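Please see the structure below; I have some questions.
The values are calculated or read from the model by the stated rules, or taken from the named source; none is laboratory data. Since the model is a prediction, treat every value here as computed from it, not as a measurement. Every residue, glycine among them, receives a Cβ derived from its backbone with ideal geometry; neighbour counts consider all protein chains shown. In case anyone asks, the SASA skips ligands and DNA or RNA and just uses the protein heavy atoms, side chains included. Shrake-Rupley method; radii C 1.70, N 1.55, O 1.52, S 1.80 Å.
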Amino acid sequence: MAAILARAGVIATAGKGFSGRRRGNGIVVAAVTKTGAAVPQEGALERPAWSGETTLSRLVGALIAFKPLYAVLKLASREVIIRTAEKSNIPWREMTKEVLESDVYEVFERIQDPNLVYPDYYLNPFHAYDEGNLSWLAAAEAEPATMSIAKRAIPEATSIEEANQIVRGNWLNVIEEHHLKYSGNCQVNDILDIGCSVGVSTRYLAEKFPSAQAVGLDLSPYFLAVAAQKEEKLSRPKPIRWVHANGEATGLSSDSFDLVSLAYVCHECPARAITGLVKEAFRVLRPGGTIALTDNSPKSKVLQELSPVLFTLMKSTEPFLDEYYMLDLEETMRKVGFVNVCSVLTDPRHRTVTATVPY
């Protein structure tokens, strides 16, 4: 376990330090091990060569735009994802079947806002689903897909539980340390998890801050129904509240949260939507409140060195990936008004960007 933690990057705690360098007005930080070796590793580029406006990126884009080939790539991507998950002992098909054969459909009727207008980008096919996130199959497969994220990030882990302990543990530690350092002793009493999907990240946040009231918000009523059904089976002092709404216009009160999280959300959105999400987070956070965005790191050495087959398959199911990699997320947060912007490589694939609402 210790060796895996060292390779993955253990986030600094009171007895450790951070290795960091400034980029613009923000700070890019890599977790350090006890020996001082910076891990995980950054690549040599600002972003992967297969993203943005590069020749390679345009070539991949042209291939994906050819509809007969796109259909093949979509199916291949789905098969790779499921097969890889099941090789990692994630019971993908069993978990999916359990959701689809449950009473989740009754929960859907209670949680859906029939008057919600979906933004145009959300109606696009992605993740190999023709209906995007607006389908039962996407909702039923969301949790095993989320479990796969951790195992891909920490392939050396001996189990999914161990991989999650590292990936989620590092993420939560970065959030806690940022808030303790910059909030002015503001307690985390209210948490908003935007783009909560089926509630995996929301439950981690609720367990990390057990005295807080957590709210999970998502555009997909299918995902929220799965999240709410699972929460009903759990027992916690403050049950999570689920809200069907647009993260860019939540309808929630201003200055009402101490922590806003977006976990693995931004790479699924066009740049204009990411900016809207950051603006809305700024509005609903109290002074001293913390925003935390965790997602793919453009600087990740692992992602920069993906094989042509893998990055082509990935881009075929992620229509806004180029916009995400081209956007200066830290600068976007500063322009909105956030201060103390800090980007931390929390595992070999992902970064967590935290910032504060000034007093």
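Quick one: check the C-alpha center-to-center distance for the stretch 312-359 versus the stretch 234-282, whole angstrom.
15 Å
Sticking with this one: How many percent of the accessible area of the stretch 231-359 is carbon or sulfur, using a 1.4 Å probe?
Carbon with sulfur: 56 percent of the solvent-accessible area.
Looking only at THR84, THR250, THR55, which one moves most when the chain is put into a Gaussian network model with springs between Cα atoms under 10 Å?
For the chain, modelled as a Gaussian network with Cα springs under 10 Å, the answer is THR55.
Same structure, new question: Measuring with a 1.4 Å probe in the full set of protein chains, what accessible area per residue, in whole Å², belongs to the stretch 42-358? All intermediate terms of the calculation are to be shown ahead of the outcome.
Numbers: 13170 Å² over 317 residues.
The answer is 42 Å² per residue.
Which order do the peptides 165-174, 228-237, 278-287, 89-98 take when ranked by the mean count of other beta-carbon atoms within 10 Å per residue, highest first? Could you put the intermediate results ahead of the total?
Details: 165-174: 22.4, 228-237: 13.5, 278-287: 20.8, 89-98: 15.1.
Sorting 165-174, 228-237, 278-287, 89-98 by mean packing, highest first, produces 165-174, 278-287, 89-98, 228-237.
Using modelled backbone amide H atoms (1.01 Å from N, in-plane), which distant-in-sequence or interchain residues come within less than 5 Å of GLN213's amide H?
Long-range HN contacts for GLN213: ASP190, ILE191.
Run through the DSSP bridge list for the chain and note the antiparallel percent, rounded to the nearest 5. Let's see the in-between values first.
Values: 21 of 43 bridges.
In the chain, approximately 50 percent of DSSP beta bridges are antiparallel ones.
Which residues' amide hydrogens lie under 5 Å from the amide hydrogen of SER256, considering only partners 5 or more residues apart or on another chain, with H built in the peptide plane?
So SER256 has HN proximity to LEU285, ARG286.
Through the Karplus equation 6.51 cos²θ - 1.76 cosθ + 1.60, θ set to phi - 60°, convert the phi angles of the stretch 198-215 into ³J(HN,Hα) values in whole Hz; use x for Gly and Pro.
Those phi angles translate into 8, x, 4, 5, 4, 5, 4, 5, 5, 6, 5, 10, x, 8, 8, 8, 9, 10 Hz.
Once a ≥ b ≥ c are taken as the square roots of the eigenvalues of the Cα gyration tensor of the chain, is the result rounded (a/c under 1.5), prolate (a/b larger than b/c) or oblate (a/b not larger than b/c)?
Judged from the Cα gyration tensor, the chain comes out rounded (a/c under 1.5).
Set the Förster distance to 45 Å, then compute FRET efficiency between ALA49 and TYR359 from the Cβ-Cβ distance, nearest 0.05.
0.60
Could you name the lysines whose alpha carbon sits less than 21 Å from that of LYS279, not counting residues in the same chain fewer than 8 places away?
Partners within reach: LYS335.
Tell me, what % of the accessible area of the stretch 112-229 is carbon and sulfur with a 1.4 angstrom probe?
The value for the stretch 112-229 is 50 percent carbon and sulfur by accessible area.
Please give the FRET efficiency for ARG272 paired with GLU86, using the beta carbon to beta carbon distance and R0 = 30 Å, rounded to the nearest 0.05.
The pair ARG272/GLU86 has a calculated efficiency of 0.20.
Additional query: Run the 1.4 Å probe and let me know the accessible area of ARG110, rounded to the nearest 10 Å².
The accessible area of ARG110 comes to roughly 150 Å².
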